[in-house]
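Remarks on the structure that follows.
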Amino acid sequence: MRPGNGETSMAEKILILSERQEDLRLFRETLQTRGFEIETGAIPGEIRRAVEQNAYAAILADYDLLGDRVFDLAGVLRHDRIGTSIIIYGETFEPDTVSEMLQQGVYAVVPRRRLSKGIRDTVVGGLENRKTFMEILGMVDELEETNQRLEKERENLRRKIRELRFINRLSEKISYDLCWDNIMDGILDAGLLKVLDPALLALLYRMGSRWHLSLYLPGSRISRAGMETLKKEMAERFLGLSGKRISPVEMILHLTPARLPALRLARKNGHEPPEARFMAGDSAVLHPLGLGDSVLGMLAVAPGGGNPGWKRDRELISTLSNILAMSLKNAQEYHRLKEAAVTDGLTGIHNHKGFVDFIQREFQRALRYRKPLSLVMIDVDEFKSINDGLGHPAGDHVLRGLAGCLKAALRKSDIVARYGGDEFALLLPETDSARARALMKRVVNAINRHRFEWGSEKIRVDISYGIATTSESDGIRKEEDLIRTADARLYHAKRSLRLLCPAARTA
């Protein structure tokens, strides 16, 4: 603005809005000779634009020329926070008019008669006021920026806290969870939706010999064809990630929510189904679930439509995949040990312990849903003579062959177990006694077709069996009753020697 000796350090531009030549001459004599740069004009659009661009340090406006338009000019300066100092002069002013001008941001109102004596000091004071005003504006802007930065930091801190809480809950919930049957529910219960807004969350993993695909589709509908396409896409993405090829047909599907309404058409009401959004471009984030070089599965997350911070969430998704990888490793090891504990070492089918686990679960399910459950107890006729005549290795060979016949003849949903010694048990879910008898005819035919040989010796293998079904008697109220009934009918068949077909006797 102005140094101590009364001269300007650099030319300050002053706009004179007046048509009176004596006013202009006075201002040039008084101000221009003191180092100010004087420009003149009226109030057309180009001067308004110049004012808005903050091109002038001060404006001297003739109120007798402009009248109430000075209020518009002052409004522009105040509204746009322009630091130009505005000084109004004229012949006479009403006190109310002066008061209103000052309230609108006018720095000073000068009667025309006092221009020659006071205009220079008024302009200098206006420029000092402008300097103070600009400093205040700068501090206000800095304060606003600081507040915005602090609010952003607070929001980032709140987000980090939410993420840490989610990670802690998830770690507690699934890190040592040895069963992945409800893994997606565990992730959601830990608070995933408080930190992420996915359009789709998918987990592809192997448990034992079977591949599973667990999907979270929030409030979506999906077509059957869309689901098959999504399974194929997941298999292709996993191949590219791990080099391992899996068949989409063999994937066991787990949906969350458990019941998603089917969508007949791929598009409805103009909305794209989630599987289409997942496969569009490279929007989905893919992470292998693995420890070291071993890839155990894959996590896929597709962003929701209203998630502007999706790139920022990749770090959280990476952490999520690491936690899931550790949990999956533990679950797979537990599954392997559990399978070994319930698998018969000789035949490869379930052992007695495995049978007990299955019959307890299936019996309760049959009661809950009022579905029939059939149990078949099978015994090899004259098995002792095979061991005595050809040796125990020959007997073991017969048991392995018989187990293979049972597995080949039954459905995937049926359960085959070695009950003990030469006795086998078949659990047939949702099967009444008539269908159980039909299945056993298929089993007997499979045994008749199989060639049991030990060296050069052909071995004749006959079986006896007893069938019991939950729906056939009120006396079967627990699994022990079912076992007792089937076992009694088995030994009744062996005693009666009543032949139904060349290879079997039954009751």
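If you take the beta carbon distance between Glu228 and Leu188 as r and set R0 to 30 Å, what does 1/(1 + (r/R0)^6) give as a FRET efficiency, to the nearest 0.05?
So, using R0 = 30 Å, E works out to roughly 0.75.
Using r as the Cβ-Cβ distance of Ser247 and Glu382, and R0 as 45 Å, what FRET efficiency do you calculate, to the nearest 0.05?
E(calc), rounded to 0.05, equals 0.55.
Label points 7 Å out from Cα along the Cβ direction at Arg25 and Val98: separation in nm?
2.9 nm
Could you check the simple spin-label distance between Glu453 and Lys478, using points 7 Å along Cα→Cβ, in nm with one decimal?
5.0 nm
At a Cα cut-off below 20 Å, give the aspartates and glutamates reachable from Lys329, other chains included and same-chain residues fewer than 8 away excluded.
Within the straight-line cut-off, Lys329 pairs with Glu172, Asp177, Asp181, Asp185, Asp293, Glu339.
Ranked from highest to lowest mean number of other Cβ atoms within 10 Å per residue, what is the order of the peptides 136-142, 20-26?
Details: 136-142: 11.0, 20-26: 13.6.
Ranking the peptides 136-142, 20-26 by packing returns 20-26, 136-142.
If we count other beta carbons within 10 Å of each Cβ, what is the order of Met326, Met227, Met298, fewest first?
Met326, Met227, Met298
Could you bin all the Cα-Cα distances of region 353-468 into 5 Å bins starting at 0 and give me the percent of pairs in each, rounded to whole numbers?
2, 11, 22, 23, 17, 11, 7, 4, 2, 1, 0
Using square roots of five times the C-alpha gyration tensor eigenvalues, list the equivalent-ellipsoid semi-axes of region 13-139 in whole Å, biggest first.
In descending order the semi-axes read 20, 17, 15 Å.
Rank these for me by crowding, Glu19, Glu37, going from fewest to most other beta carbons within 10 Å.
Sorted ascending by nearby Cβ count, the order is Glu19, Glu37.
Using a Förster radius of 35 Å, what is the FRET efficiency between Tyr334 and Glu153 based on their Cβ-Cβ separation? Nearest 0.05, please.
Plugging the Cβ-Cβ distance into 1/(1 + (r/R0)^6) gives 0.20.
Tell me the relative contact order for the chain as a rounded percent, counting alpha carbon contacts under 8 Å between residues six or more apart. Write down the numbers at each step before the final one.
On the way: 733 pairs, mean separation 44.4, N = 507.
So the answer I get is 9 percent.
Calculate how many DSSP beta bridges within region 13-139 are antiparallel, expressed in % of all such bridges and rounded to the nearest 5.
0 percent
Leaving out same-chain residues fewer than 8 places away, which lysines sit with a Cα under 21 Å from that of Lys412?
Lys338, Lys353, Lys371, Lys441
Quick one: of the DSSP bridges fully inside the chain, what percent are antiparallel, nearest 5?
Numbers: 46 of 74 bridges.
The antiparallel fraction comes to roughly 60 percent.
For the peptides 67-75, 180-188, what is the packing order when you average, over each peptide's residues, the other Cβ atoms within 10 Å and list the highest mean first?
Taking the mean over residues of other Cβ atoms within 10 Å, the ranking is 180-188, 67-75.
Please list, ordered by chain and number, the residues whose modelled amide H lies under 5 Å from the amide H of Leu289; skip anything fewer than 5 residues away on the same chain.
Leu296, Gly297, Met298, Leu299
Starting from the Cα of Lys131, draw a straight line to each of the lysines and keep only those under 20 Å, dropping any in the same chain fewer than 8 residues away.
Straight-line reach from Lys131, under 20 Å: Lys13.
Between Ala284, Gly118, His254, whose Cα lies farthest towards the positive end of the dipole of the chain when Lys and Arg beta carbons carry +1 and Asp and Glu beta carbons carry -1, centred on the Cα centre?
Towards the positive end, the residue furthest out is His254.
Highest first, please rank the peptides 447-458, 339-350 by the mean number of other Cβ atoms sitting within 10 Å of their residues.
Going from most to least packed, we get 339-350, 447-458.
FYI, it's all coordinate maths here, none of it is from the lab. These numbers were taken from a predicted model, which means no experiment stands behind them. Backbone-built Cβ (ideal geometry, glycine too); neighbour counts: all protein chains shown.
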